[in-house]
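Beneath this line is the structure, given in C-alpha cells, with notes to follow.
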Amino acid sequence: MNRDLTDILKDWPYEPGQLNVRIIEGLDGEPRLQLRLDLGVLQMTTHGRPDGKRPHGFESLLDYHESRLDGAIQSPPEEGPETDVAGGEDLDPEITLSNEECRELREEAAQYYHRYVALFVLDDFEGVVRDTTRNLRVLDMCSAYAEDDDDREALEPVRPYITMMRSRALAGRQIAAGEPKSAVLCIDDGIQTLKDYFDERDDEAGFERCEEVNLLKAMRDQLVPKLPVSQKAELRARMRDAISAENYELAAILRDELRQMGDSTRGGDTPRG
C-alpha cells in the first residue's frame with residue numbers, strides 16, 4: 001500500500017486565505033468531509049464524531065458523560081443503596097469531571113469545530129446548527145461539573161464565537177428558505193444571548209467590544225432593508241414591548257432597524273439610554 005499523499009495534495013492545491021472544503025465518497029460508500037490545509041488534508045465524517053470513533057460505545061465523549069450525569073441525578077430508591085440498574089454500579093450523586101476528562105472533551109470539541117466551520121463553507125446550515133449546539137453543551141457541562149476552576153473557564157472565551165456561528169447558521173437557513181424576517185429574528189436572538197452572557201459576567205464593556213456581536217449586527221444591517229414594509233408595524237410593536245420590559249438594548253436594535261426601513265419612530269417610542 002502506497003501511503004504517500006503527494007498525488008492527492010497535488011490534485012487539490014492549497015489556496016491561502018480560503019477555506020478549501022469538499023465532500024468525497026469514502027471507501028465504504030459513505031460521504032466524507034475534507035478540509036485542505038497547507039500541510040495536508042483533514043478528513044471527517046459528516047455525522048457522529050468527526051473521527052468516526054465511538055468512545056465507550058457512545059456517539060461521543062459528551063454523550064457518554066451526559067449519560068453518566070443523567071444516571072447520577074436520578075432520584076434514588078426509597079430503600080437500599082443507589083445502584084445503576086443497567087450496570088450495577090454505585091451512583092455518585094456528585095459526579096465531577098477530572099482534568100483529564102475535561103481535556104478530552106476539549107479535544108473532542110475541537111474536532112466538531114473543524115467540521116462546523118467546513119460545513120458552513122458548504123452552506124450546510126443544519127449541520128452547523130447541530131454541531132455548534134453540541135459544542136455549547138460541552139461548555140455548559142464543563143462549567144457545571146469540572147473539578148478544577150481552570151477547566152470550568154477554559155472554553156468560555158470561545159462561547160461568543162460558537163453562539164455567533166450558530167446564529168449565522170440559523171439565519172442562513174431562514175434566508176435559504178426565503179424568510180428574511182425570520183433570519184433577522186435569529187440574529188436578534190443571538191445578540192440578546194450574548195448580551196445576557198456578558199451581563200451574567202458583569203462585563204458590559206466586553207459586550208460592546210465583542211467582535212462576534214458586531215459581526216451579527218452587520219449581518220442584521222444587511223438583511224433589514226430586505227424586509228417587506230408590512231413588517232414595520234410588527235417591529236414597532238416589538239420595540240414598545242422591549243421598552244416596557246426595560247430591555248433598552250433590544251429596543252435600540254429594533255429602532256435602528258425601523259430607521260433603515262425609512263420609518264420615523266415617534267418620540268414616545270424612542271428607547272432611553
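Each Lys or Arg adds one and each Asp or Glu subtracts one; over the other residues with Cβ under 11 Å from the Cβ of Tyr113, this totals 0. Below 12 angstrom from the Cβ of Leu155, what's the summed charge of the other residues (Lys, Arg +1; Asp, Glu -1)? Counting the neighbours of Leu155, the net charge comes to -2. Take the Cβ atoms of Asn2 and Ala110, set R0 to 22 Å, and the FRET efficiency comes out at 0.15. In terms of its C-alpha gyration tensor, the range 119-244 has an oblate overall shape, because the principal axis ratio a/c (a ≥ b ≥ c, square roots of the eigenvalues) is not below 1.5 and a/b does not outweigh b/c.
Computed over neighbours whose Cβ is under 15 Å from that of Arg36, the net charge equals 0, Lys and Arg +1, Asp and Glu -1. For Asp70 and Glu153, a Förster radius of 41 Å and the Cβ-Cβ distance give a FRET efficiency of 0.95, rounded to the nearest 0.05. Using a simple spin-label model with pseudo-atoms 7 Å out from Cα toward Cβ, His47 and Glu204 lie 4.8 nm apart. Computed from the Kirkwood radius of its Cα pairs, the Stokes-Einstein diffusion coefficient for the range 134-181 at 10 °C and 1.306 mPa s stands at 131 µm²/s. Once the chain from Ala245 to Leu39 is taken as fully extended at 0.36 nm per residue, the excess over their C-alpha distance is 68.8 nm.
Protein heavy-atom accessible surface, 1.4 Å probe, per residue over the range 161-205: 47 Å². Structural size metrics of the range 168-221, computed from C-alpha coordinates, are Rg and Dmax of 12.0, 38 Å. Centre-to-centre, using Cα atoms only, the range 1-44 and the range 126-197 are separated by 28 Å. Carbon-plus-sulfur accessible fraction, the range 134-223 (probe radius 1.4 Å, protein heavy atoms only): 44%.
The values are calculated or read from the model by the stated rules, or taken from the named source; none is laboratory data. Remember, it's a predicted structure, so these values are computed and weren't measured experimentally. Counting neighbours? That spans all protein chains shown, and the Cβs are built from the backbone with ideal geometry, glycine included. Ligands, DNA and RNA are stripped out before the accessible areas are found, and what is left, the full protein with its side chains, is counted by its heavy atoms. Shrake-Rupley method; radii C 1.70, N 1.55, O 1.52, S 1.80 Å.
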